[in-house]
Amino acid sequence: MTEIIIAEHSGFCFGVKRAIDTAYKTVKGSKNKKVYVLGEIIHNPKVVNELSNLGVEKIEKLEEIKKTKKSILIIRSHGVSKKILAKSEKLGIEVVDTTCPFVKKLELIIDELIKENYKIIVLGDKFHPEISSLNDSFDNKLLIVESLEELENLGIQKSNRIALLSQTTQSLKKFRDCVNYLVDKCLELRIFNTICKSTEQRQLSSLELAKNADVIFVVGGKNSANTRRLYEICKNINSSTYHIEDETEIKKKYLQGKKKIGITAGASTPQDTINEIVKKLEKMIN
Ligand code: SF4
């Protein structure tokens, strides 16, 4: 008998759910104002298309908003540079800020560290909006590293006072590796584990799943950083791991000889998508 196991923590996190609910509420109450979102509201094509059909327009830069006083700009959960917020205000654009509080926390910590003259290192993806916005807010003063190797190449001096933070969706293992490396490399080290609770829970339960299942489907947008991280974690333990966006990507050959099918999903994956995948798998195995 084949069974389907769903990771204990998977799918929408608090921050993403809050951003999407706010986006739907905003467009519903927008009256004669045009609603924009800076970048994709979440890294999930289904949700992006649905909001677009309701009239929410995705833009890449503020300059794309023409009638600024008749516009609402939604800031997604990844946050945005302080400079963009200030510019929007100046242009008279109504801003609905859904930046996740966990992302805001990073900004607050960095604010303090800058005043205290720490060399600030952030473990994160340089081009991820959360990190590029943060760096822009602080005039590119942050040292962003994507791996332990990049950290080693920074040439940290024994006399440095270092503060280490992490992108909210980073891998806990990578963060620990960086902490271990820095411990005896500098005069003073301050560590802020800014990986959010939802990310940590999803990583740990995906790890458990990967140990127990014969095949694993990691569900979420291919451009979703936290989903890709879950994929790496599972693939490391179980080579029969597949990153899929929806049920159409499941192939019969993936299930051959497998008795335990595991499903985990990134923080930007809607429950509907997970349900459709379960439905399809049940059809295929019965
Ligand atoms: S993954 Fe964490 S930081 Fe990102 S939106 Fe969700 S709760 Fe917030």
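No value in this document is a laboratory result; all are computed from the given coordinates. Because the structure is predicted, anything quoted here is derived from the model rather than measured. All Cβ positions, glycine included, derive from the backbone under ideal geometry; neighbour counts span all protein chains shown.
Structural remarks
- Taken over the range 14-40, the criterion of being hydrophobic (A, V, I, L, M, F, W, C), within 15 Å of the ligand (Cβ to nearest atom) and surrounded by fewer than 20 Cβ atoms within 10 Å (Cβ to Cβ) is satisfied by PHE14 alone.
- Condition met for HIS43 (touching an Asp or Glu at 6+ places or on another chain (Cβ under 9 Å), touching a residue at least 24 places away in the same chain (Cβ under 8 Å), within 16 Å of the ligand (Cβ to nearest atom) and under 27 Å from ILE131 (Cα atoms)): no
- Residue check: HIS243 meets all listed conditions (1) free of Cβ contacts under 8 Å to residues at least 40 places away in the same chain; (2) not in a strand (DSSP E or B) but one, namely (2).
- Condition check for LYS197: of a type in the set (Lys, Arg) and within 15 Å of the ligand (Cβ to nearest atom): yes
- Given (1) touching a strand residue (DSSP E or B) at 6+ places or on another chain (Cβ under 8 Å); (2) within 22 Å of GLU249 (Cβ to Cβ); (3) loosely packed, with under 15 Cβ neighbours inside 10 Å, number of the condition ASN212 does not satisfy: (2)
- Scanning the range 75-112 for residues that are surrounded by 21 or more Cβ atoms within 10 Å (Cβ to Cβ) and assigned to a helix (DSSP H, G or I) returns SER88, PHE102, VAL103, LEU106, ILE110.
- Residue count, the range 79-99 (criterion: more than 19 Å from LYS25 (Cα to Cα) and within 16 Å of the ligand (Cβ to nearest atom)): 1
- Restricted to the range 149-181, and to residues there that are without any contact (Cβ under 8 Å) to a residue 40 or more places away in the chain and crowded, with 17+ Cβ neighbours inside 10 Å, the residue that is farthest from the chain's Cα centre (by Cα) is ILE156.
- Any hit, the range 3-13, residues being farther than 30 Å from LEU204 by Cβ and either more than 16 Å from the ligand (Cβ to nearest atom) or among the hydrophobic types (A, V, I, L, M, F, W, C) (or both): no
- When ASP139 is tested against (1) surrounded by fewer than 22 Cβ atoms within 10 Å (Cβ to Cβ); (2) in contact (Cβ under 8 Å) with a residue 24 or more places away in the chain; (3) away from the ligand (no atom under 14 Å from the Cβ), exactly one condition is not met: (2).
- So ILE233, is it within 16 Å of the ligand (Cβ to nearest atom) and of a type in the set (A, V, I, L, M): yes
- Unique match (being in contact (Cβ under 8 Å) with a residue 24 or more places away in the chain, closer than 27 Å to ARG228 by Cα and not polar (S, T, N, Q)) among GLU50, GLU107: GLU107
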